[in-house]
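Some notes on the structure that comes next.
The values are calculated or read from the model by the stated rules, or taken from the named source; none is laboratory data. Keep in mind the model is a prediction, meaning the values are calculated, not measured. Heads up, the Cβs are rebuilt from the backbone with ideal geometry, glycines too, and the neighbour counts pull from every protein chain shown. The protein model used for the area step is the full one, side chains on, heavy atoms only, and it has no ligands, DNA or RNA in it. Shrake-Rupley method; radii C 1.70, N 1.55, O 1.52, S 1.80 Å.
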Amino acid sequence: MNTHSITAAAIDSFSNTDDPRLKEILGSLVKHLHAFAMDVKLTEPEWFRGIEFLTAVGQKCTDKRQEFILLSDVLGLSMLTVAMNNDQADGCTESTVFGPFYVEEAPHYEHGADISNGASGQACMVQGSVKNISGHPIPHATIDVWQADDEGFYDVQKDDLDHAQARGVLHSRADGSFNFKTIVAEAYPIPMDGPVGTMLSATQRSPWRPAHLHFMIRAEGYETLITHVFKQGDAYLQTDPVFGVRDSLIADWVTGTDGLTTLNFDFVLNAEK
C-alpha cells in the first residue's frame, strides 16, 4: 500500500455492501477524506490532534447537549444539508438549522399560557398562524418552540434547574392560529466551554448568534418545518456563526405604548411530496 493505491483499496473494501446508498456514501467519504489529507499534507501529529478533538466532541455530548450538531453548525454543514433538502414551494416558510438544544417531550401548554415558566427576560407575546400554500389554515398542527433566556442560556444548560423553561408545545386552533407568552429573544454566544468553542477561539470567530426563537411545526400531510424567527435589527444577523439567517425569517418585535412586546409571524407549510 502507498499513497497512490490506498484510496482505491479503501473504497473497494466496501464493494460487498448490500445497501447501495451506504456504499455510495462511504466510498465518497473515503475519496474526499483522502483527498483532503493529501491536499493539506496532513502530518501524523495533526491527524492525532484531530482524533483527540473529535473524541472531545463526543465526550461533551449528553442527552441535553449535542456537541456534534454544534460542530456541524459552525462548519456550515448543517445549513448546507438544510438548504439541499428543503426546496420548498415559493411562499412556504424557509427552514434553518435545528440547533443542539431541542428536547423531546417538552411541556404542553394551552393558548395564551406563559411558556417562559420563570426564565429571565422581558415579557413578550407571540402570535401567528399555520397555513398551507393556498392560504388555508392548518388546524391541530404541533408547534414546538424553544429559546434561550436573556442571559444566553437554554434551560438544559442549567444543572440546578429541575423544570423546563422557555420551551413548550402547543397545537394550532381550528383556524390555524396560535398565541403564547414568553420572553423577548436576545442575542447570545453559542457554548464556548467545549471543543467547538475552543476551535472558534483559535480561529478568532465570533460566537454570537442573533436573537431568535426556535420552531418545529408538524402536521399530517405536510413536511415538518424546522426554523427560527430572527429579530429585526439585531447586530449579529450578518455574522451568525452557524450560517442560519434567512431574510424571510427576520421579523419585528414591536413594543406597544403599554410596554408589552409582541411578535407576529405566520408559518406556511409545504405539502408532503
Do you know which residues across the range 226-239 are over 12 Å from the mean Cα position of the chain (by Cα) and either hydrophobic (A, V, I, L, M, F, W, C) or more than 23 Å from Ile143 (Cα to Cα) (or both)?
-> Phe230, Gly233, Asp234, Ala235, Tyr236, Leu237, Gln238, Thr239
Identify the residue in the range 240-259 that is open to solvent by 30 Å² or more (accessible area, probe 1.4 Å), touching a residue at least 60 places away in the same chain (Cβ under 8 Å) and of a type outside the set (S, T, N, Q) and, among all such residues, is farthest from Val130 (Cα to Cα).
-> Phe243
If you take the residues in the range 260-272 that are open to solvent by 40 Å² or more (accessible area, probe 1.4 Å) and not in a strand (DSSP E or B), which one is farthest from Ala141 (Cα to Cα)?
-> Leu260
Residue check for Gly27: open to solvent by less than 100 Å² (accessible area, probe 1.4 Å) and more than 30 Å from Val130 (Cβ to Cβ) = yes
Kindly indicate whether any position in the range 204-211 is open to solvent by 30 Å² or more (accessible area, probe 1.4 Å), within 27 Å of His111 (Cβ to Cβ) and either modelled with pLDDT of 95 or more or not polar (S, T, N, Q) (or both).
-> no
Just for the range 225-259: of the residues that are polar (S, T, N, Q) and part of a loop (DSSP other than H, G, I, E, B), which one is nearest to Leu213 (Cα to Cα)?
-> Gln232
Collect the residues in the range 49-75 that are surrounded by fewer than 14 Cβ atoms within 10 Å (Cβ to Cβ) and under 25 Å from Thr227 (Cα atoms), keeping them in residue-number order.
-> Thr62, Asp63
Long-range neighbours under 6 Å by Cβ, at least six apart or interchain, first residue within 16 Å of Tyr188 (Cβ to Cβ) within the range 114-125, second open to solvent by 60 Å² or more (accessible area, probe 1.4 Å) and not aromatic (Phe, Trp, Tyr) | Ser120/Asp150; Gly121/Asp150
Within the range 95-115, considering residues that are in contact with an Asp or Glu (Cβ under 8 Å, 6 or more places away or on another chain) and open to solvent by less than 30 Å² (accessible area, probe 1.4 Å), the one farthest from Gln66 (Cα to Cα) | Ala106
Could you grab me the full set of residues in the range 1-50 that are over 25 Å from Pro195 (Cβ atoms) and of a type in the set (Lys, Arg)?
-> Arg21, Lys23, Lys31
Please specify each residue of the range 199-258 satisfying the condition of being under 18 Å from Met125 (Cα atoms) and acidic (Asp, Glu).
-> Asp252, Asp258
Flag for Glu104 being among the acidic types (Asp, Glu), out of contact with any Cys (no Cβ under 7 Å at 6 or more places or on another chain) and closer than 27 Å to Ser172 by Cβ = yes
Selected residue (only one of Leu161, Leu170 is open to solvent by less than 50 Å² (accessible area, probe 1.4 Å), without any contact (Cβ under 8 Å) to a residue 12 or more places away in the chain and hydrophobic (A, V, I, L, M, F, W, C)) = Leu161
Among the residues of the range 126-145 satisfying the criterion of being touching a residue at least 60 places away in the same chain (Cβ under 8 Å) and in contact with an Asp or Glu (Cβ under 7 Å, 6 or more places away or on another chain), which is surrounded by the most Cβ atoms within 10 Å (Cβ to Cβ)?
-> Lys131
Single unsatisfied condition, Glu46 versus (1) out of contact with any Ser or Thr (no Cβ under 6 Å at 6 or more places or on another chain); (2) open to solvent by less than 100 Å² (accessible area, probe 1.4 Å); (3) touching a residue at least 24 places away in the same chain (Cβ under 8 Å) | (3)
